[in-house]
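Read the structure below first, then the notes.
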Amino acid sequence: MASNCKRFTSTRGTFGFAWREAVPLFFSCIDGLPVLEHLERADWKFARDWYHWFFFAQPDKPERVISADPCAWYDKLSPELMGQEAYADIHEAIHRPETIHGMIEDYRAGIRIDHIHDKADRDAGRKIGCPTLCLWSLRDDLEQIYGDPVAIWKDWAIDVSGFGIDSGHHVAEENPVALAKAIVNFLTK
């Protein structure tokens, strides 16, 4: 069983394709698409709203900028949005340089190598072989920018189902009950 709660899904490609025999139950994607889909579909809206992808790909600068004032960089986070406990966890994490570096490195991998792996998998006709659950936030822009996420994932996985969840970008923190219910329902169907 694998559940990928990353919003940008770069680890998804490597894990979902390389380990598909070891992941027989399910694979989930929460508020993301294969990196190659993001990059090939990038337009002025993507550049305007997701500019941080390209900024994060730069060496050293993102860590310095974010670490100078983590709360200013992550200014959309709040206890009202995600609950006090989740906010406290995220607040602590964004003040640890090693956490910031790890988050940035994940974006760097998407821009530097993951999209190459995605393309190789797509060109070879490889798809994620286990049932795949695709969930996304209804109050963020994934669906508005790209259209139906399930339709896009059907090009990457054999058996895809999914739907939007009433939340903003941080689905697991903003609506954990609906997310957990979706995963449990998927596993028990």
The set of residues whose placed amide H lies less than 5 Å from the amide H of residue 160, leaving out same-chain residues fewer than 5 positions away, is 132
Residue of 150, 35, 65 that the Gaussian network model of the chain assigns the largest fluctuation, springs spanning Cα pairs under 10 Å: 65
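State to the nearest 20 debye the size of the charge dipole of the chain about its Cα centre, where the only charges are +1 on K and R beta carbons and -1 on D and E beta carbons.
On the way: 21 positive and 30 negative charges, 108 e Å.
Using Cβ point charges on Lys, Arg, Asp and Glu, the chain gives about 520 debye.
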From the C-alpha gyration tensor of region 89-189, square roots of 5λ in Å: 24, 22, 13
Nonlocal amide H pairs with residue 170, under 5 Å, H built at 1.01 Å: none
Interchain or long-range residues, amide H under 5 Å from residue 26's placed H: 2
Output ³J(HN,Hα) for region 181-189: one whole-Hz value per residue in order, computed from phi by the Karplus curve 6.51 cos²θ - 1.76 cosθ + 1.60 with θ = phi - 60°, and x for Gly and Pro. 4, 4, 5, 4, 4, 5, 6, 9, 6
For the chain, with a Gaussian network of springs between Cα atoms less than 10 Å apart, report the residue from 107, 87, 51 with the top mean-square fluctuation. 51
DSSP-assigned coil residues among chymotrypsin sites (Phe, Trp or Tyr not before Pro) in region 110-185, each with at most 10 further Cβ atoms within 10 Å: none
Pairwise FRET efficiency - residue 151 versus residue 45, Cβ, R0 = 25 Å, nearest 0.05: 0.85
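For the chain, what class follows from the C-alpha gyration tensor (a ≥ b ≥ c being the square roots of its eigenvalues): rounded when a/c is under 1.5, otherwise prolate if a/b is larger than b/c, else oblate? Walk me through the numbers on the way to the answer.
Numbers: a/c = 1.69, a/b = 1.24, b/c = 1.36.
Oblate, because a/c is 1.5 or more while a/b does not exceed b/c.
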Residue of 141, 60, 31 that the Gaussian network model of the chain assigns the largest fluctuation, springs spanning Cα pairs under 10 Å: 60
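Every number here is computed from the coordinates shown, using simple stated rules; none is lab data. On a predicted model such as this, the values are computed, not experimentally measured, just so you know. For neighbour counting, all protein chains shown are included, and Cβ atoms are generated from backbone atoms with ideal geometry for every residue, glycine included.
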